[in-house]
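Have a look at the structure below before the remarks.
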């Protein structure tokens with residue numbers, strides 16, 4: 001499997017995947033595609049559309065500081081899950 005990066009933007013926290021993090025995006029984690037998807041499926045908030053994942057807490061945050069706090073906490077949980085899987 002190839003490595004992918006999970007990232008989001010400062011808006012609502014929808015999680016995207018790519019080989020490289022686009023300009024202006026906020027990286028969540030980079031790992032083997034399968035391991036990354038497995039970790040995110042366990043930790044991310046399901047979106048309104050099947051297969052859509054959201055960073056928990058970002059959509060309901062009242063301001064940018066709360067969004068950043070939610071993203072940092074989520075990144076830590078994802079990183080720890082990936083380390084456990086390694």
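Each reported figure results from applying straightforward, stated rules to the coordinates on display, with no laboratory input. Because the structure is a prediction, the values reported are computed rather than measured. Note: ideal-geometry Cβ built from the backbone for every residue, glycine included; neighbour counts use all protein chains shown.
Spacing of the modelled spin labels on residue 43 and residue 86, each 7 Å from Cα toward Cβ, amounts to 1.3 nm.
Hey, what did segment 3-85 get for relative contact order, percent, Cα under 8 Å, at least 6 apart?
Numbers: 130 pairs, mean separation 24.3, N = 83.
It comes to 29 percent, rounded to a whole number.
With angles folded into 0 to 90 degrees, how steeply does helix 64-85 sit against the dominant principal axis of the chain? Use alpha carbons for both and round to 10. The helix 64-85 is inclined about 20 degrees to the chain. Quick one: go through segment 9-38 and flag any residue whose amide nitrogen is under 11 Å from the point 7 Å out along the Cα-to-Cβ line of residue 2. Taking a point 7 Å out along Cα→Cβ of residue 2, the residues of segment 9-38 whose backbone N falls under 11 Å are 18-20, 33.
Relative to the dominant Cα principal axis of the chain, helix 33-43 is inclined by about 40°.
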